[in-house]
């Protein structure tokens with residue numbers, strides 16, 4: 001029985017020693033909830049996060065490529081019809097031709113972006129990779145904006 005009580009006293013003393021060691025020393029700052037919140041600020045995005053954000057833009061606009069093709073077909077059919085009828089609607093013809101060209105340019109911008117990016121980052125530092133991904137994110141965002149604008153223009157024109 002003496003061994004049991006000795007062991008319990010030893011465990012209790014160890015517990016108190018650990019508890020005492022965890023207490024802050026005089027002059028030492030303690031961490032408050034506000035300090036913890038400021039310490040947990042958003043970390044800088046990693047290259048994987050940035051790459052995923054860039055590809056999300058690409059993936060959101062890629063399905064519109066088929067829509068562009070369909071709109072181009074509709075505009076081409078209307079252009080052919082107006083030209084065959086020797087239409088005097090030159091303003092409409094000009095607007096249709098411009099919308100067709102804008103759709104073609106948007107389509108080409110997406111194709112060029114995809115062709116120009118193999119996303120191999122061999123020999124690049126983390127900082128260089130992040131910079132490149134940020135540049136490509138801006139580039140694909142511009143392509144996305146161009147695609148959306150050309151689609152909107154074409155749809156409005158075809159509704160008239």
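Brief remarks follow.
- Note on residue 91 and residue 65: the model spin-label points, each 7 Å out from Cα along the C-beta direction, lie 3.7 nm apart.
- Residue order for 95, 76, 115, fewest other beta carbons within 10 angstrom first, comes to 115, 76, 95.
- Per-residue Cβ neighbour counts within 10 Å put 82, 101, 96 in the sequence 101, 82, 96, beginning with the fewest.
- Listed by Cβ neighbour count within 10 Å, with the fewest neighbours leading, 93, 71 appear as 93, 71.
- Gyration tensor verdict on the range 76-134 (Cα atoms; rounded if a/c is under 1.5, prolate if a/b is larger than b/c, oblate otherwise): prolate
A short reminder: the numbers here are calculations on the coordinates, not readings from a lab. Predicted model, so just to flag it, every value in this text is computed and none were measured. Every residue, glycine among them, receives a Cβ derived from its backbone with ideal geometry; neighbour counts consider all protein chains shown.
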